[in-house]
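Here's the structure, in structure tokens; my notes come after.
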Amino acid sequence: MKQLDTLYINDLKVPCIIGVFAQERKKKQPIIINLALSVDTRKAAKTDDLKDTVDYHHLYNEIANTVSQSTYQLLETLAQTIADICLKNKKVKQVTVRLEKPHAVKIGKSSGIEIIRNNE
């Protein structure tokens, strides 16, 4: 198996409706998204051509658009949706999605989830 490289998208902050409690569903709250994409970047490194790698600008725009329109109750559902978006690109062999919900707990910084999904 080839060694893969990791492309990162860090601290993408997108407001959305998320949560199970009534007060969470009244207005959008920020979700912080961090992604680690396992990709073979050797061809792109040789060709210096965007078509040979993951266009992360396009990817984070698609994710931000989807998240901003979502109304999920669970971070688990939102994380899976984001993973599915990333894995549509067959160059992505694995994705780690980490979500943080800064306003979820009053006595801590945030609550969150991290999932790892593979392109099979």
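The values are calculated or read from the model by the stated rules, or taken from the named source; none is laboratory data. Here the structure is a predicted model, which means the values were calculated and not measured. We place every Cβ from the backbone using ideal geometry, glycine too, and count neighbours over all the protein chains shown.
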Condition met for Leu50 (hydrophobic (A, V, I, L, M, F, W, C), over 19 Å from Glu76 (Cβ atoms) and buried (at least 17 other Cβ atoms within 10 Å of the Cβ)): no
Residue check, Asp52 modelled with pLDDT of 95 or more, closer than 21 Å to Asp84 by Cα and not small (Gly, Ala, Ser): yes
Filter result for Leu74 (among the hydrophobic types (A, V, I, L, M, F, W, C), surrounded by fewer than 16 Cβ atoms within 10 Å (Cβ to Cβ), in contact (Cβ under 8 Å) with a residue 40 or more places away in the chain and in contact with a Gly (Cβ under 9 Å, 6 or more places away or on another chain)): yes
Test for Ile32: is it more than 15 Å from Leu4 (Cα to Cα), in contact with a helix residue (DSSP H, G or I) (Cβ under 6 Å, 6 or more places away or on another chain) and surrounded by 15 or more Cβ atoms within 10 Å (Cβ to Cβ): no
Cβ-Cβ under 7 Å pairs, at least 6 apart or on other chains, the range 1-26 side under 15 Å from Val67 (Cβ atoms), far side aromatic (Phe, Trp, Tyr) and modelled with pLDDT of 95 or more: Ile18/Tyr72
Matching entry among Leu74, Leu78, Leu87 (being within 22 Å of Asp5 (Cα to Cα) and among the aliphatic types (A, V, I, L, M)): Leu87
Complete set of residues in the range 28-49 that are under 18 Å from Leu87 (Cβ atoms) and touching a residue at least 60 places away in the same chain (Cβ under 8 Å): Ile33, Asn34, Leu35, Ala36
Qualifying residue in the range 92-107 (condition: among the charged types (D, E, K, R), touching a residue at least 60 places away in the same chain (Cβ under 8 Å) and in contact with an Asp or Glu (Cβ under 7 Å, 6 or more places away or on another chain)): yes
Residue satisfying condition, being surrounded by fewer than 15 Cβ atoms within 10 Å (Cβ to Cβ) and under 13 Å from the mean Cα position of the chain (by Cα), within set His103, His58: His58
